[in-house]
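> Okay, here's the structure, questions in a sec.
The values are calculated or read from the model by the stated rules, or taken from the named source; none is laboratory data. Owing to the predicted nature of the structure, the values given are computational and were not obtained by experimental measurement. A quick note on method: Cβ atoms are made from the backbone with ideal geometry, for glycine too, and the neighbour counts reach across all protein chains shown. Accessible surface is based on the protein model in full, side chains and every heavy atom, while ligands, DNA and RNA are left aside. Shrake-Rupley method; radii C 1.70, N 1.55, O 1.52, S 1.80 Å.
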Amino acid sequence: MTSFVDEGLMPTYAPAPVRFVRGEGSWLWDEDGKRYLDFLSGIAVTSLGHCHPRVTEAVRSQAGRLWHVSNLFHNELAPRLAVRIDELVGGGGKVFFSNSGAEANEAAIKLARRFGGHGRHRIIAAYNSFHGRTLAALAATGQPSKWEGFQPLPEGFVHVPYGDISALDAALDGSVAAVMLEAIQGEGGVVVAPNGYLAEVARLCQQRGALVILDEVQTGLGRTGRWFAFQYERIRPDVVTMAKALGNGMPIGACWARSEIADLFVPGDHATTYGGQPLACSAALATLEVMQSQDVPRRAGQAGGALAAALGRLETIREVRGRGLLLGAVLQPDGPDAKEVASRCLGMGLVVNALGKDVIRLAPSLLVAPEEIEVGVGILGAALEAAPEG
């Protein structure tokens with residue numbers, strides 16, 4: 001398969017095998033006119049599908065009125081969006097807007113340090129987690145292979161095995177300001193927190209006066225069958241971060257915090273030039289309106305159940321992990337390499353990606369149709385049969 005190398009760009013990404021030029025719903029087209037079924041959604045971003053008409057019209061309309069004024073001035077959309085997000089999280093909080101998930105997590109980290117004060121700044125995170133590529137978010141990320149070449153990283157982060165409450169309990173001493181976890185480890189292989197784990201984490205943190213930060217950048221806003229994945233445990237986090245699906249492709253992130261925690265920030269403590277600007281907020285408001293009016297979390301839960309069942313019928317898949325429409329198809333130990341399978345899928349017209357050597361991640365549009373699920377699983381099954389064994 002041909003790879004495209006863009007000479008003017010820094011080599012931060014591997015050469016791409018396809019150049020997409022158009023998208024609509026669950027489908028993408030390359031420059032040669034070939035059509036692809038998108039079961040990755042820009043890594044859980046275009047949750048309403050590509051170029052959703054309601055979101056497209058909202059951006060088009062806003063682009064003709066006002067794009068940007070900076071946070072030195074007020075705009076009418078950011079407060080409306082903040083109130084909508086607060087309602088979805090559970091109420092009683094305030095929002096800081098950013099441009100990405102990594103920046104939302106940076107805001108959460110700074111807020112935790114403001115909360116803890118001098119001498120109580122450490123944050124517990126989990127191995128195999130992923131919180132972003134900025135230096136502090138990278139330090140929180142529990143993947144040492146990603147630290148190479150960028151050390152020394154900011155200090156103050158300690159990592160424990162994901163799902164191991166005893167290890168977290170032992171690490172949660174008086175120097176810890178917060179515990180920062182994903183409800184489902186996306187980049188770590190689509191690993192769901194054990195039942196009761198997040199609730200026990202919340203109990204320990206409340207007991208010892210530490211914050212609970214839930215990174216819902218990949219899982220938030222309907223993808224798992226609930227508005228947020230933490231809602232399966234019915235806990236009340238202190239801080240929740242989100243991005244990806246919020247603008248359905250328009251860059252925007254958000255850090256929500258309980259009001260008494262959010263109010264620890266004062267003017268000048270944190271800022272970003274583009275955060276909460278009108279164009280991005282118009283996309284996010286339209287996205288949430290569609291999600292609410294069409295009960296997208298419920299639809300995602302139902303479609304995810306159908307997709308998981310269909311994947312489970314493929315003999316070369318030994319386990320299906322995840323919730324809703326964030327799924328990891330775990331291949332048999334003696335099966336093909338996941339990267340080879342993802343490459344073959346692309347050649348056959350299906351977009352998925354590999355996590356390590358044995359997991360295929362699937363994150364289709366939350367509006368994916370039953371017949372599209374059937375087509376996607378059929379292509380994956382054919383790719384699994386065609387790929388050489390590892």
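> What ranking of HIS159, HIS68, HIS118 comes out by heavy-atom accessible area, probe 1.4 Å, highest first?
Output order, biggest surface exposure first: HIS118, HIS68, HIS159.
> On to the next question. In the range 1-100, with Lys and Arg counted as +1 and Asp and Glu as -1 at Cβ, which of these residues, PRO11, VAL21, PHE97, has the Cα nearest the positive end of the dipole, that is, farthest along it?
It is PHE97, whose Cα lies furthest towards the positive end.
> Sticking with this structure for a sec: Give the residue from LEU380, ALA193, LEU40 lying farthest towards the positive end of the charge dipole for the chain; charges sit on Cβ (+1 for Lys and Arg, -1 for Asp and Glu) and the dipole is referred to the Cα centre.
Highest projection toward the positive end goes to ALA193.
> Once the Cα gyration tensor of the range 289-390 is diagonalised, what are the square roots of 5 times its eigenvalues, in whole Å and ordered largest first, as equivalent ellipsoid semi-axes?
25, 13, 11
> Now a separate question. Over the range 49-113, with the other protein chains present, what is the accessible area per residue in square angstrom, probe 1.4 angstrom? Walk me through the numbers on the way to the answer.
On the way: 3330 Å² over 65 residues.
Here the residues of the range 49-113 average 51 Å² of exposed surface.
> (i) 16.8; (ii) 19.5; (iii) 22.3: which one is mean projected area of the Cα convex hull in nm² as calculated from this entry?
Read-out from the structure maps to (ii).
> So how strong a dipole does the range 186-294 carry about its Cα centre when Lys and Arg Cβ are +1 and Asp and Glu Cβ are -1, to the nearest 20 debye?
With Lys and Arg at +1 and Asp and Glu at -1, about 260 debye.
> Under the Karplus relation 6.51 cos²θ - 1.76 cosθ + 1.60, θ = phi - 60°, what is the ordered set of whole-Hz ³J(HN,Hα) values for the range 158-172, x standing for Gly and Pro?
In residue order, the calculated couplings are 10, 10, 10, x, 5, x, 9, 5, 5, 5, 5, 4, 5, 7, 7 Hz.
> Just the number please: accessible area per residue for the range 254-323, 1.4 Å probe, all protein chains included, in Å².
Ligands and nucleic acids excluded, the result is 43 Å² per residue.
> Hey, what did the range 207-261 get for relative contact order, percent, Cα under 8 Å, at least 6 apart?
On the way: 73 pairs, mean separation 18.5, N = 55.
RCO, the range 207-261: 34 percent.
> For an R0 of 30 angstrom, estimate the FRET efficiency from the Cβ-Cβ distance between VAL21 and GLU57 and round to the nearest 0.05.
Working: r = 21 Å, r/R0 = 0.71.
Calculated value: 0.90.
> Assuming R0 = 51 Å, what is the FRET efficiency of SER166 and GLU374, from their Cβ-Cβ distance, to the nearest 0.05?
Details: r = 44 Å, r/R0 = 0.86.
Computed FRET efficiency for SER166 and GLU374: 0.70.
> Let me ask something else. Less than 18 Å apart at the alpha-carbon level, and either on another chain or at least 8 residues along: which aspartates and glutamates does that give for LYS34?
GLU24, GLU372
> Continuing with this model, one more query. Would you work out the relative contact order for the chain, in percent, from Cα pairs under 8 angstrom that are 6 or more residues apart?
The normalised contact order for the chain reaches 21 percent.
> About its Cα centre, what dipole magnitude does the chain give when the only charges are +1 on Lys and Arg Cβ and -1 on Asp and Glu Cβ, stated in debye to the nearest 20?
Using only the charged Cβ atoms, the result is roughly 820 debye.
> Moving on. Mean residue ellipticity at 222 nm from the helices of the chain, using -39,500 (n - 2.57) per DSSP H segment of n ≥ 4 over the full residue count, to the nearest 500 deg cm²/dmol?
Computed mean residue ellipticity for the chain: -10500 deg cm²/dmol.
> Please sort through the DSSP H helices of the chain and keep those with an alpha-carbon extent of at least 20 Å along the long axis and a Kyte-Doolittle average not below -0.5.
The answer, listed by residue number, is 101-116, 278-293, 296-312, 370-386.
> Rounded, prolate or oblate: which one fits the range 1-133, using the alpha carbon gyration tensor with axes a ≥ b ≥ c (rounded when a/c is under 1.5, else prolate when a/b beats b/c, else oblate)?
The shape class here is oblate.
> Ok, one more. For the range 36-48, in order, what is each residue's ³J(HN,Hα) by Karplus, 6.51 cos²θ - 1.76 cosθ + 1.60 with θ = phi - 60°, in whole Hz (x at glycine and Pro)?
Going residue by residue, I get 10, 7, 8, 10, 10, 6, x, 6, 6, 9, 7, 6, 9 Hz, with x marking Gly and Pro.
> Now for a different question. Can you give the charge dipole size of the range 350-390 about its Cα centre, rounded to the nearest 20 debye, using +1 on the beta carbon of Lys and Arg and -1 on the beta carbon of Asp and Glu?
That gives the range 350-390 a dipole magnitude of about 220 debye.
> Now a separate question. What residues qualify as long-range amide H neighbours of LEU366, i.e. H under 5 Å apart, gap of 5 or more or another chain, H built at 1.01 Å from N?
Under 5 Å from the amide H of LEU366 lie the amide H atoms of LEU48, GLY49, each far enough along the sequence or on another chain.
> Lysines within cross-link reach of LYS146: Cα-Cα under 27 Å, excluding same-chain residues under 8 positions apart?
Reachable lysines: LYS110, LYS244, LYS339, LYS357.
> When ligands, DNA and RNA are left out and all protein chains stay put, how many square angstrom of accessible area per residue does the range 199-242 have with a 1.4 Å probe?
On the way: 1440 Å² over 44 residues.
About 33 Å² of surface per residue is accessible.
> Using 1/(1 + (r/R0)^6) with R0 = 41 angstrom and r between the beta carbons of GLN207 and PHE73, what's the FRET efficiency to the nearest 0.05?
Using R0 = 41 Å, I get an efficiency of 0.40.
> From the residues LEU325, ALA310, CYS345, which one has its Cα farthest along the dipole of the range 293-390 in the positive direction, the dipole being from +1 and -1 charges on Cβ of Lys/Arg and Asp/Glu about the Cα centre?
It is LEU325, whose Cα lies furthest towards the positive end.
> Please report, as a whole percent, how much of the solvent-accessible surface of the chain comes from carbon and sulfur atoms (probe radius 1.4 Å).
Exposed carbon and sulfur together represent 53 percent of the surface.
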